[in-house]
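Working notes, beginning with the structure itself.
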Amino acid sequence: MRHLSCLLAMVIAVTLSYSVRADLTLPAYYSDHMVLQREITLTIWGKANAGEEVIVSINGQTIKGTTKPDGEFIVELSPLKAGGPYTLTIETGDSKKTFNDVLVGDVWVCSGQSNMWWPLHETQDGPTELQKAEHPQIRLITIASTIVPQNPLTMKTKWVVCNGDTARNFSAVGYYFARELQKTIHIPIGLVNASYGGTPAEAWTSKWAFDRYSDELKPILDAWDASDAKYDAWIKQAEELKQTGQAIPTQPAPPSDPRTSANRPMVLFNSMIAPITRMPIKGVIWYQGESNTGQAWRYRFLFPALIKDWRNAWSQGDTPFLWVQLAAFGEPTEDPGVPSAWAELREAQSMTLRLPNTGMATAIDIGDAKDIHPRNKLEVGRRLSLVARKRIYGEEDLVASGPAWDLGAYTVEDGAIRLKFTNVKDGLVTRDGGPVTGFAIAGKDKNWYWADAVIDSVNTVKISSSQVPKPFVVRYSWGQNPKGNLMNKAGLPALPFRTDEWDGITKPKDK
């Protein structure tokens, strides 16, 4: 009987010892078909039992490490060149995970609001494209659109090979960007879709940025604090009415809880970006801004803060960050002097090019007056790929963007203003071959008139108006849906701009 008791005790002890063992747990973005970032030290991490040896192997490289007291481990692999497919194995104690069909290439995060989220099958060329979307060297992974913080070790996602089925609901801009880019760089590309429709940039920005740039960004937080207070007051009033047996008013409609909004500062960074910042990447492509047009002036500070924020989170230096300048939308701009929040937002996007390792593809000419979601995502992705090829992959002679005003290249002569443009290469032309449209001119009185504009050299335009004998400033494609038709011979539209610095409608009155 005594021996039976001892045996039973041993069985219980062994059972308990196994019950507290932690299985090898890895981030969800480690899966079959994954893409690992080339030419960078790769940090492979996860969790297992404390003090266990960890063995990571890929392509003839085997590295060992040990888990920390909390069970976490980090093993660094030496940089790998583009290639594959490889097998990646991660082993600790009695656990082993094997991932097959692993490629090494460039990983790009695709983020922003609905125009980045917009699925391939709902685009202009989508149905035809899906019939030929077999791209085994392109891999896709989607991060769930949620405001609930996700744990990378438990969230539900995995890499898939790009084909007609997997690309159907994937970001069309991301897909076309990768498809066009790979035609030139000929290496595997991984796309991480982390986008959420209808959201402002502040939702994608972390506490780090709000703390670091508190002077510029504090008004955003103050506005949400006011919303919280208003909602709390309503809840308190509703409770008091309930306790006294009175009906809670249904008109106006009860406010929604601002703490559950996807637009709230930091919420999407915490739920969708923070979980992937330990995944080494090549860069980010971004399509967002529509939800910030009402505060376009503040976007001058918010957008650069977001980029610096993400670079800080990834800890890879000046990670490439490319974006799409907002497309035209709404009624065509008929009045050259009408204020435009959309024009001011585009200006803020252009100003952000001052940051290193950035690039912008304008979509001003391929918008839809009646739909904030223009369907020509192929051209958007193609233009982003051109910017990447020139700015990131070193194709210096490539014409990657449309004509841009050469800041400071501005002369007034004989009642006209002459402006010089960059990014013209073989010369300036108009989209339809007709007269130049889209320029407006004003004197110091700030009264705007449509201008007569003439291309008078390879890279200059002369602007004048009989109604402005003493011209002072010029604007081009300034409006929500402007009529500019200037482009270069590569078929890329001129970027909207203005030479004045007069206050816009979105600048706070206290600034």
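Going through V102, V148 one at a time, which residue ends up being at pLDDT 95 or above, hydrophobic (A, V, I, L, M, F, W, C), in contact with a Ser or Thr (Cβ under 7 Å, 6 or more places away or on another chain) and open to solvent by 30 Å² or more (accessible area, probe 1.4 Å)? Can you show your working first?
Working: V102 fails: open to solvent by 30 Å² or more (accessible area, probe 1.4 Å).
Result of the check over V102, V148: V148.
From the list T506, T499, T460, T437, which one is in contact with a helix residue (DSSP H, G or I) (Cβ under 7 Å, 6 or more places away or on another chain), open to solvent by 10 Å² or more (accessible area, probe 1.4 Å), touching a residue at least 24 places away in the same chain (Cβ under 8 Å) and β-branched (V, I, T)?
Working: T499 fails: in contact with a helix residue (DSSP H, G or I) (Cβ under 7 Å, 6 or more places away or on another chain); T460 fails: in contact with a helix residue (DSSP H, G or I) (Cβ under 7 Å, 6 or more places away or on another chain); T437 fails: in contact with a helix residue (DSSP H, G or I) (Cβ under 7 Å, 6 or more places away or on another chain).
When all the criteria are applied, what remains is T506.
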Check your understanding: charged (D, E, K, R) and open to solvent by 60 Å² or more (accessible area, probe 1.4 Å), is that true of E290?
Key -> no
Check your understanding: Can you tell me which residues in segment 363-377 are surrounded by 17 or more Cβ atoms within 10 Å (Cβ to Cβ) and touching a Ser or Thr at 6+ places or on another chain (Cβ under 7 Å)?
Key -> I364, H373, K377
Study note, to complete from the structure: Among helices (runs of 4 or more DSSP H) entirely inside segment 165-283, those with 2 or more residues being open to solvent by 70 Å² or more (accessible area, probe 1.4 Å) and of a type outside the set (V, I, T) are 207-212, 214-243
Point to revise | Matching option when the condition is in contact with a helix residue (DSSP H, G or I) (Cβ under 8 Å, 6 or more places away or on another chain) and either of a type in the set (F, W, Y) or free of Cβ contacts under 8 Å to residues at least 60 places away in the same chain (or both), among L384, L398 | key: L398
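Counting only residues that are assigned to a loop (DSSP other than H, G, I, E, B) and under 15 Å from P275 (Cα atoms), which one in segment 131-145 is least open to solvent (accessible area, probe 1.4 Å)? Before you say what the answer is, go through the steps one by one.
Going residue by residue through segment 131-145, those that are assigned to a loop (DSSP other than H, G, I, E, B) are 131-134, 143-145.
Of the ones still in play, those that are also under 15 Å from P275 (Cα atoms) are 143-145.
Numbers: I143: 4, A144: 46, S145: 61 Å².
The extreme case among them is I143.
Looking at E76, E39, E53, can you tell me which residue is open to solvent by 10 Å² or more (accessible area, probe 1.4 Å), charged (D, E, K, R) and over 30 Å from the mean Cα position of the chain (by Cα)?
Details: E76 fails: over 30 Å from the mean Cα position of the chain (by Cα); E39 fails: over 30 Å from the mean Cα position of the chain (by Cα).
Every option except E53 fails the conditions.
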Practice item. From V429, V424, grab the single residue that is part of a loop (DSSP other than H, G, I, E, B), in contact with a strand residue (DSSP E or B) (Cβ under 7 Å, 6 or more places away or on another chain), within 25 Å of K483 (Cβ to Cβ) and open to solvent by less than 60 Å² (accessible area, probe 1.4 Å). Key: V424
Check your understanding: Looking at (1) under 30 Å from K444 (Cα atoms); (2) within 17 Å of the chain's Cα centre (by Cα); (3) open to solvent by less than 70 Å² (accessible area, probe 1.4 Å), which is the one condition that is false for D309?
Key -> (1)
Practice item. For segment 354-362, state whether one or more residues are in a helix (DSSP H, G or I), touching a residue at least 12 places away in the same chain (Cβ under 8 Å) and either in contact with a Cys (Cβ under 6 Å, 6 or more places away or on another chain) or under 29 Å from P275 (Cα atoms) (or both). Key: yes
Point to revise | Residues being out of contact with any helix residue (DSSP H, G or I) (no Cβ under 6 Å at 6 or more places or on another chain), at negative phi and among the small types (G, A, S) - total across segment 106-136 | key: 3
Revision key, fill the gap. The correct count of residues that are among the acidic types (D, E) and crowded, with 17+ Cβ neighbours inside 10 Å in segment 105-130 is 2
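Starting from residues that are more than 19 Å from S315 (Cα to Cα) and part of a strand (DSSP E or B), keep the ones in segment 59-73 and report whichever is most open to solvent (accessible area, probe 1.4 Å). Steps first, please.
Initial filter on segment 59-73 (more than 19 Å from S315 (Cα to Cα)): 59-72.
If we keep only those that are part of a strand (DSSP E or B) too, we end up with 61-66, 72.
Details: Q61: 32, T62: 80, I63: 47, K64: 133, G65: 17, T66: 92, E72: 32 Å².
Out of the qualifying residues, it is K64.
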Review point. Has segment 468-477 got at least one residue that is modelled with pLDDT under 95, open to solvent by 60 Å² or more (accessible area, probe 1.4 Å) and not in a strand (DSSP E or B)?
Key: no
Check your understanding: Taking segment 78-117, which residues are of a type in the set (A, V, I, L, M), in contact with a Gly (Cβ under 6 Å, 6 or more places away or on another chain) and not in a strand (DSSP E or B)?
Key -> A82
Exercise for review: Can you confirm whether segment 327-338 contains a residue that is at pLDDT 95 or above, surrounded by 21 or more Cβ atoms within 10 Å (Cβ to Cβ) and within 16 Å of the chain's Cα centre (by Cα)?
Suggested key: yes
Practice item. Please name all residue pairs, on different chains or six or more residues apart, with Cβ atoms under 9 Å, provided the first residue is in segment 47-58 and is in a strand (DSSP E or B) and the second residue is among the basic types (K, R). Key: E53/K64; V54/K64; I55/K64; I55/K96; V56/K64
Check your understanding: Would a scan of segment 228-246 turn up a residue that is under 33 Å from the mean Cα position of the chain (by Cα), under 19 Å from G294 (Cβ atoms) and among the small types (G, A, S)?
Key -> no
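The values are calculated or read from the model by the stated rules, or taken from the named source; none is laboratory data. In this text the structure is predicted, and so the values were computed from the model without any measurement. No Cβ is skipped: glycine too gets one built from the backbone with ideal geometry, and neighbour counts run over all protein chains shown. Each accessible area value is taken on the protein alone, full model and side chains, heavy atoms only, with ligands, DNA and RNA left out. Shrake-Rupley method; radii C 1.70, N 1.55, O 1.52, S 1.80 Å.
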